[in-house]
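The structure appears below as structure tokens.
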Amino acid sequence: MTLRVSNLCGWYGQAQILFEVALDVGPGSVVALLGRNGAGKTTTFRSIAGLVPRREGVVVFGDQDVSRLPTYEIVRRGLAFVPEDRRIFTDLTVEENLEVGRQPPRLGVPHWTPERLYELFPNLAAMRRRLGGRMSGGEQQMLTIARSLMGNPRLVLLDEPSEGLAPKIVEDMAHAIVAMKREGLSILLSEQNLHFARLISDAAVVIESGHVRFAGPMAELVSHPDVYEAYLAV
Amino acid sequence: MNQSLLRVESLAKSYHGVPAVRGVSFTLERGEILALIGPNGAGKSTCFNMLNGQIRPNAGTILFEGQDVTASSPRSMWRRGVGRTFQITATFTSMTVRENLQTALLSHAGQLSRPFGKANRAFEVEADALLDRVGLRGQADRSCGELAYGDLKRLELAVALTNSPSLLLMDEPTAGMAPKERADLMRATAAIARERNVGILFTEHDMDIVFEHADRVMVLNRGELIAMGAPDVVRQDRQVRAIYLGEGLVHGDLAAAQVRH
Amino acid sequence: MALYLAQFLTGLAGAASLFLVASGLSIIFGVTRVVNFAHGAFYMVGAYVAYTLTERFEGAIGFWGGIVLSVLVVAALGGLVEILLLRRIYHAPDLFQLLATFGLTLMAEDLVVIIWGPEDLVGPRAPGLKGAVEVLGQAVPSYDLVLIALGPLVLGALWLLFHRTRFGILVRAATQDRDMVAALGVNQKWLFTAVFCLGVGLAALGGALQIPRDAVNHAMDLTVIVEAFVVVVIGGLGSVGGAFLASLLVAELNAFGILVLPGVSLVLVFVVMAVVLVLRPNGLLGRAEAPARGTGQMSSRPWRPLDAKAQFIALVAVAVAALLPLWLGPYGLAVGAEMLIFALFAMSLQFLMSTGGLASFGHAAYFGLGAYGAALAVKSLGWPMIPALGCGVMLGLAGAALFGWFCVRLAGVYFAMLTLAFAQIAWSAAFQWTAVTGGDNGLLGSWPDAWAASPRAFYWLSLAVAVGGIGALRILTFSPFGYGLRAVRDSSLRAEAIGIGRRHTQWVCFIVAGGFAALAGGLFAFLKGSVFPDALGIPTSVDGLVMVLLGGVGTVSGSVLGAVVYKALSVWLISQTDYSKLVLGAAIVGLVVLFPSGIGGFFSAWAGRRRVSTRATAAAPVEAAE
């Protein structure tokens, strides 16, 4: 397993958001974490990435428990986190945005350079010197993924990659995710949109009120309308 | 008296020489629901913020109920009867749900400078009536910092209704809501438009919402309107499909998409 | 003509140090979001260390080597401060960081006196640059020419650093979104430390370079920090280029102000700052501050409606306070009256901060204006006490109306810095305008009328005014106006969209708070029988902040409690030690580190935890049964 999460609990202030969440991501697979707004998807991601101050549970990444490590240590071990609100550095150029994400090459995973990323995202190649703030929302979304790939990750956490994007850009996004998978990356993405998720994911985990309600192959979820209708409000 | 509720002519705005909106013109009638869609960064928010007075246009005019309101402040737009909801909910987080509405109602009544008396005793009946309207009555006494996201969106709508507006501007009213909540909120909104004869302009990325609830749809791309008309006409427009709607992979025929994948 | 040129060059030379300090302040703020009040102290320590080193080593190498060495020493000291202190309080509210670094400043002022003595020290001139160069018949010190060249050089070096190195790119990225930088695998801790060292090093260089020009003294920190704040407000926070332009502007204004308006040169800077702020609210090259992610404690409910129990406690507290004169002697009553006066002052600040969401760093200006207004009415006009108090309040209201009109155009840290700058301007007016204010000698003889002259009567008067004032502020908070204020504070976007004018509402709030502070100040003038410029000084403003913050911003009782405890502490400390600043500074730093949410906040969090844990144990069996 690339990522094995068990008994993950997370709090914001006094409020417990996550209750013993468990999920696995195998090498080279795409797993969708599905749930309604406020179900705990983002908190799960932030807990895995070490961004939730109060959390408990075990997060095994590769062959190491990273649940006590600070964020930058987790990221340096090859786990990339792409937050839902993109958070491009708008005062920096595309090149400089990529530079912030750069980490040394890692054994056994694809090594990304700006040149390789420009091949994957041809849009970006044409605007290397452009400031992040001068890019459209869709271009920013591509840049935020490219920036994370500069860390040569083994696993990418994509938080709500389709939220707030034009349908056309959502399609581009789906293609990019498939391309990343082809490179051998593991991907854990969170979604509210089952239609989008089923197009690109191998497995699904459904979360509701901080509890995991379903975990299994995507095909199985799709054949159980009772499950997704209960927890996803399609 | 057959002037339009809102008439926008050749509206334009650029930032540091980069045009964001160029020559946008349209009209909106009372009781009509008009959707503004387009790719991210097409200028939708800029358009909205000009209509609401938050941004001054470089050129063009905005006529509201026949009067020139170009470059009026948000405050004066509100006094003229324009309500607005925000893409990222903007509520008074330290107050209860009802107090949010009471504050807005006090402001509408011009009583917000009163330095005595208890604000949370004012306009209770009116506030509760609005909460009933959006289905939030049960949460009236909760602090709005504890509300679920969908309820915050509802509260936004209720607050925007406190001045009995004749025009509602809604910036991505359903963003971040679950599909069922989206439909509920838009149904409530549409009912308000019909009952009170309110004109509604909204932006939205959920095409199911747009094509189900809008009377007319406008498509903005790179600051220009590239299509305007009935939902079915716009949906079939080739340019719109190429730029914005795509091949329908996500929102269209799933079975066909699966095959391609 | 030639005289003007020489003056112009003097201004340019003065700009270099100012630029170094201001850019350091800007860079540190950009990345760590800490407004480093101690920046002036680092500047001062830089000058002292350079004095020692350049005295010790001789020759050109000794001099310049000494300067460089002093920069490294002070930068390392800055690193130590960052690691030991700031790292503990990055997650505390903004003002706590300002407070902690102010505590450091207090400590530094006493420490340099302990190490280097209280006298002004005159450092060596730069070897080879002792002479002057003739420019159009005017002698211009050659050292000044070196300084003039140095400013652009440092600017260029910083530009290269920020645009051509990975460190610089990370710094710029972190300035915009430091959490995202961490989420990309960058170790924030060391980035922050490095940036803090860089900024402090720049300040130290600024200080070290001043020693051939000016005497080194233990008050140079406050002067430079206020000027640096003005520069940063004019230039735009976070913009190094803006800091450069603004430091040129301010230094030239200082240089020519002396020629044009001797004695009131600060007024000139004030006018220019006002004009810039009206035209460009975010400074010459600054940009609007990104909305903070999550307003945190500031969105708390400022005042809860009192339940029966709380009403009873408040009544008992007032009754006990009213009965104290039965036991206390004149000294105790004087201290008690001072506590009550400061409780009112703290409450007015608390109203501004929690209900209005406006964290002022210069609230003492209005306290001092009230004091001077009252004292002047008694002394110059011969008015009785009550009308004189009214006069003080009017002066405070007028000052708050004037300064507030500019301040409410800004928000957040800019607002805090501008209020501080205005307070400092009020202070220098009181200090310099000897004919009216008596300058350093103060105004003496503002005693209360006969009916309130006894310590008991004055104590009761203070109690009545404080209770009345606090009650009035309370009513105001629950009134529609108070709700309008909270609306603006919670979301100015939404407030504007429902017809509430942010600026106007906040301006009124600023004036009201200033009026109550002035009332407290007027009483203070009668309590002491005199007024000195200290009443408007930065330390008085900070006293108010400490009272409010340590009491807990969100709680009223906290502010009153904070005023009583802090006043008692400082009265006692001053009587116990010669190094009261050192002890007080250390106490502030210690309190901030120990109670990052305020003492009041600490106790309510503690009580909250207790409540939760008892509820949890009660709920456990139910869950088990399911």
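Key figures for this structure:
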quantity	calculated
Filtered residues of region B:108-132 (kept if within 20 Å of residue B:154 (Cα to Cα) and either facing chain C (nearest Cβ under 9 Å) or modelled with pLDDT under 90 (or both))	B:108
Members of region A:10-37 that are modelled with pLDDT under 90, under 17 Å from the mean Cα position of the chain (by Cα), surrounded by fewer than 24 Cβ atoms within 10 Å (Cβ to Cβ) and not polar (S, T, N, Q)	A:36
Of the criteria (1) crowded, with 21+ Cβ neighbours inside 10 Å; (2) at the interface with another protein chain (Cβ under 9 Å from one of its Cβ atoms), which one residue A:98 fails	(2)
Any hit, region A:161-172, residues being more than 25 Å from residue A:3 (Cα to Cα), at pLDDT below 85 and in contact with a strand residue (DSSP E or B) (Cβ under 9 Å, 6 or more places away or on another chain)	yes
Index of the failed condition, residue C:508 passing every other in (1) open to solvent by less than 10 Å² (accessible area, probe 1.4 Å); (2) within 14 Å of chain B (Cβ to nearest Cβ); (3) aliphatic (A, V, I, L, M)	(1)
Unique match (being within 14 Å of chain A (Cβ to nearest Cβ), among the small types (Gly, Ala, Ser) and in contact with a His (Cβ under 9 Å, 6 or more places away or on another chain)) among B:42, B:20, B:35	B:35
Counted residues, region C:522-544 - those being of a type in the set (S, T, N, Q) and over 12 Å from residue C:362 (Cβ atoms)	1
All helices (runs of 4 or more DSSP H) inside region B:174-252 with 1 or more residues being farther than 29 Å from residue B:163 by Cα and of a type in the set (Lys, Arg)	B:231-236
Yes/no for residue B:34 being surrounded by fewer than 22 Cβ atoms within 10 Å (Cβ to Cβ) and in contact with a Phe, Trp or Tyr (Cβ under 8 Å, 6 or more places away or on another chain)	yes
Residue pairs meeting the criteria (Cβ under 7 Å; at least 6 apart or on separate chains; first more than 17 Å from residue B:47 (Cβ to Cβ) and facing another protein chain (nearest Cβ under 7 Å), in region B:166-183; second basic (Lys, Arg) and open to solvent by less than 20 Å² (accessible area, probe 1.4 Å))	B:177/B:153
The listed residue being at pLDDT below 95 and of a type in the set (Phe, Trp, Tyr), out of C:478, C:510, C:516, C:524	C:478
Which listed residue, of A:45, A:61, is touching a strand residue (DSSP E or B) at 6+ places or on another chain (Cβ under 9 Å), more than 10 Å from every other protein chain (Cβ to nearest Cβ) and surrounded by fewer than 23 Cβ atoms within 10 Å (Cβ to Cβ)	A:61
Residue tally, condition open to solvent by 40 Å² or more (accessible area, probe 1.4 Å), in a loop (DSSP other than H, G, I, E, B) and within 14 Å of chain A (Cβ to nearest Cβ), over region C:130-189	1
Tally of residues being away from chain C (no Cβ under 14 Å) and not small (Gly, Ala, Ser) across region B:133-161	8
Selection status of residue A:151, closer than 22 Å to residue A:105 by Cβ and more than 8 Å from chain B (Cβ to nearest Cβ)	yes
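The values are calculated or read from the model by the stated rules, or taken from the named source; none is laboratory data. Quick caveat, the model's predicted, so the values are computed rather than measured. As a convention, Cβ positions derive from the backbone with ideal geometry for all residues, glycine included, and neighbour counts pool all protein chains shown. Only protein heavy atoms, including side chains, enter the accessible area calculation; ligands, DNA and RNA are left aside. Shrake-Rupley method; radii C 1.70, N 1.55, O 1.52, S 1.80 Å.
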